[in-house]
Amino acid sequence: MTGQQPYAVRFSAQAAKVLDTLPEHVEDTVWDVLDAAAGDPWGFGQWNVDDPEGEDVRYAAVDQLSLTYWVNRPLRRLTVLNIVWLG
């Protein structure tokens, strides 16, 4: 990264509801993953590699936790679309 500020993080209504139900240690992991994603939004895999127009929808997984987020380039925001925790 070239000295730019990290992307701001926002949550969809569905993702916010899930975040509110997670145990504290899992919520901490969500924020750790999002901190990494905000600094390098394309550092995680593309959700659907067969979709040439979908490069801004990304999927981050750590152990039993997965996040799907959309990179809004013009506004420099990440919107978390979905959170799944298998715990």
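The table for this structure:
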| item | result |
| --- | --- |
| Contacts under 6 angstrom Cβ, first residue in the range 49-69 being over 19 Å from Y7 (Cβ atoms), partner polar (S, T, N, Q) and open to solvent by less than 60 Å² (accessible area, probe 1.4 Å), 6 or more apart | L65/T29 |
| Top-ranked residue in the range 19-46 [being more than 12 Å from V80 (Cβ to Cβ) and in contact (Cβ under 8 Å) with a residue 40 or more places away in the chain; ranked as nearest to the chain's Cα centre (by Cα)] | V26 |
| Hits in the range 76-87 (condition: of a type outside the set (V, I, T) and either under 11 Å from A37 (Cβ atoms) or free of Cβ contacts under 8 Å to residues at least 60 places away in the same chain (or both)) | L78, L86 |
| Check on D51, farther than 13 Å from N82 by Cβ and not in a loop (DSSP other than H, G, I, E, B) | no |
| Single residue of the range 13-47 satisfying the filter (over 14 Å from V71 (Cβ atoms) and not in a helix (DSSP H, G or I)) that is least open to solvent (accessible area, probe 1.4 Å) | L22 |
| Hits in the range 69-87 (condition: under 22 Å from V18 (Cα atoms) and open to solvent by 20 Å² or more (accessible area, probe 1.4 Å)) | W70, N72, R77, T79, L81, N82, V84, W85, L86, G87 |
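The values are calculated or read from the model by the stated rules, or taken from the named source; none is laboratory data. What you see is a predicted model; the values in this text were computed from it and never measured. Here the Cβ is made from the backbone with ideal geometry for all residues, glycine too, and neighbour counts use every protein chain on show. Only protein heavy atoms, including side chains, enter the accessible area calculation; ligands, DNA and RNA are left aside. Shrake-Rupley method; radii C 1.70, N 1.55, O 1.52, S 1.80 Å.
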